[in-house]
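Participant: Let me give you the structure first, and then I'll get to my questions.
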Amino acid sequence: MDWLAAVGYGAIGGSVVEIVTVFGHLTDWQIERRQVRRVGRRRMPHITRYVDPLADSLVALSRILLGASAGFVLHSQVTGAFAAIAAGASAPALLRQFSTSKSVQQLLSGQTILEDPGTRAVVPSPTADTADVLLGFSPRVSTAGGKQSSLREGEISE
């Protein structure tokens with residue numbers, strides 16, 4: 001898919017997530033208003049208890065940008081508009097998943113990550129590009145014999 005179209009569809013996917021979220025807040029506001037009308041004693045709830053324009057706008061913008069980024073990154077992998085929209089909609093959840101992953105946290109902090117317990121450990125060098133490490137390029141691999149070699153993920157040293 002053309003990268004520009006994928007970026008646009010990804011942004012649409014990110015905005016869909018925010019629209020659904022805002023809809024949920026508005027529905028909660030509506031339910032409380034109906035309950036107040038039934039009872040008839042309290043003041044109507046103000047919408048700002050459910051929607052914060054500044055914060056919600058910033059979150060919407062970040063979700064749109066994340067969706068557009070996912071569309072850009074995956075433009076060669078997606079073949080249709082629906083797939084690009086789905087990639088954009090899933091971008092915030094994917095980022096949240098990465099941020100809670102212990103191995104990604106270790107990788108970004110430069111700690112040793114065991115690939116196969118007892119056989120070798122990936123040790124990112126201080127000059128290693130984090131993107132290269134995330135993509136499976138191991139700058140230094142220490143093996144049990146103390147030798148170092150560059151390996152791509154899935155390759156086996158002999």
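Participant: Would you check which residues across the stretch 39-67 are of a type in the set (G, A, S), surrounded by fewer than 11 Cβ atoms within 10 Å (Cβ to Cβ) and in a helix (DSSP H, G or I) and list them?
Facilitator: Scanning the stretch 39-67 gives a single hit, A55.
Every residue, every condition in (1) of a type in the set (V, I, T); (2) assigned to a helix (DSSP H, G or I); (3) free of Cβ contacts under 8 Å to residues at least 40 places away in the same chain, yes or no:
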site	(1), (2), (3)
A5	no, yes, no
R37	no, yes, yes
S69	no, yes, no
H75	no, no, no
S90	no, yes, no
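Participant: On to the next question. Quick one: in the stretch 46-67, which of the residues that are in contact (Cβ under 8 Å) with a residue 40 or more places away in the chain and not hydrophobic (A, V, I, L, M, F, W, C) is farthest from A84 (Cα to Cα)?
Facilitator: The selected residue is R63.
Participant: Assuming R37 fulfils every condition listed in (1) of a type in the set (K, R); (2) under 16 Å from the mean Cα position of the chain (by Cα); (3) modelled with pLDDT under 90 apart from one, which condition is it?
Facilitator: (2)
The values are calculated or read from the model by the stated rules, or taken from the named source; none is laboratory data. Everything numeric here is computed off the predicted structure, so don't read it as measured data. Counting neighbours? That spans all protein chains shown, and the Cβs are built from the backbone with ideal geometry, glycine included.
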